[in-house]
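Below: the structure, in structure tokens.
What follows draws every value from the coordinates through simple rules; no lab data is involved. Here the structure is a predicted model, which means the values were calculated and not measured. Cβ coordinates were reconstructed from backbone atoms using ideal geometry, including for glycine residues, and neighbour counts include every protein chain displayed.
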Amino acid sequence: MKKIRKVGVLGGGLMGSGIAQVSAAAGFPTTVREVSEALGEKSRLAIEKSLAKGIERGKVTEAERSTTLGNLRFVTDLKELADSDLFIEAVVEDLDVKNSLWSQLDQIARPDAIFASNTSSLTIIAMATASGRPDRMLGIHFFNPVPLMKLVEVVRTITTSEETEQRALDFVRALGKEPIRAKDSSGFVVNLLLIPYMIDAIKALESNVASVEDIDKGMQLGAGHPMGPFTLLDFVGLDTVYKIAEIMFTEYRESRYAPPPLLRRMVLAGMLGRKSGKGFYDYSFNPPRVSSLGL
């Protein structure tokens, strides 16, 4: 069975840059493709910043930093990734955009190359046909922040070959991550359970069950969670949660996946959480204060 030696990462945003960092740190020559040189530079700077934080915390050595950066390349032309053994897609959560990309890649990638999507909510089989290689396509879903989170969901479709799945599992373990196998259903394992949990917290707030602070404190101290649901929502990004919830509701048509009205209003208002400076909490204060939501 052929080993994965070179990795191509499609998209250098928050997830893509994290995936590229851990791949390069594990010794894989890794090429990141962004749509512009400016975005590629932004991705490179994000990785350098992440490595600098790792050094400050004693988690990364100077030698490891040099190795990681030495294994990275940033390009804008898809053809620069042609010799990759594994392509990991981390672009916008839009099926048409992803499928257009897979179709282009099928024209330039080697026949034995594996295609993997980092999607958190779309089904992999919806991309498999567009990929031109349904037996060599699967999901490899990382968690944010990628350098710190140990879990990776490996998602095999009804058309994915056993060899493809095994090569993916071996790759994930080579990164120092812990893989779990997941069925190709929207949300896989973690989001299938996590999205309804966060939605239920918003519904409880809308129903005046308790305050943001008390719901967060209740789940931290009562259920042993490292952070409450509203802190988690702000960390993940309310727009991201809204998009995933919509995709899962479309897939399952179950009310527990439907985005609550409050979530929609906050996204429309630009209250996206930490990324925008304000969500369920206002991060212009130190420590953050609960935002006024008009409830």
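Beta bridges from DSSP with both residues in the stretch 7-183: antiparallel share about 15 percent, rounded to the nearest 5. Across the cross-link table entries LYS42/LYS275; LYS59/LYS177; LYS217/LYS275; LYS49/LYS177, which are compared at the Cα atoms, the separations over 18 Å belong to LYS217/LYS275; LYS49/LYS177. The stretch between SER185 and ARG264, if pulled fully straight at 0.36 nm per residue, gains 26.0 nm over its current Cα-Cα span. One-quarter of the Cα convex hull surface for the stretch 1-43, in nm²? Quarter of the Cα hull surface area: 3.1 nm².
So which aspartates and glutamates can LYS150 reach, going by Cα to Cα under 15 Å and dropping same-chain residues fewer than 8 places off? Counting by Cα, and skipping residues close in sequence, LYS150 has these aspartates and glutamates nearby: ASP170, GLU178.
The three principal axes of the Cα atoms in the stretch 7-183 give end-to-end lengths of 44, 33, 26 Å, sorted in falling order. Charge dipole of the stretch 1-159 (Cα centre as origin; +1 on each Lys and Arg Cβ, -1 on each Asp and Glu Cβ, all else neutral): 500 debye, rounded to the nearest 20.
Of all DSSP beta bridges confined to the chain, the antiparallel ones make up roughly 25%.
Highest mean first, the peptides 206-217, 179-190, 53-64 sorted by other C-beta atoms within 10 Å per residue fall in the order 179-190, 206-217, 53-64. Among LEU72, LEU45, a tally of other beta-carbon atoms within 10 Å of each Cβ gives an order, fewest to most, of LEU45, LEU72.
With each label modelled as a point 7 angstrom along the Cα→C-beta vector, the MET227-LYS42 pair spans 2.2 nm. Decide, for the stretch 92-186, between rounded, prolate and oblate: order the square roots of the alpha carbon gyration tensor eigenvalues as a ≥ b ≥ c, take rounded if a/c falls under 1.5, and otherwise choose prolate if a/b is larger than b/c, else oblate. Because a/c hits 1.5 or more and a/b exceeds b/c, the stretch 92-186 counts as prolate.
The label-point distance for SER66 and VAL35, in a model that sets each label 7 Å from Cα toward Cβ, rounds to 3.8 nm.
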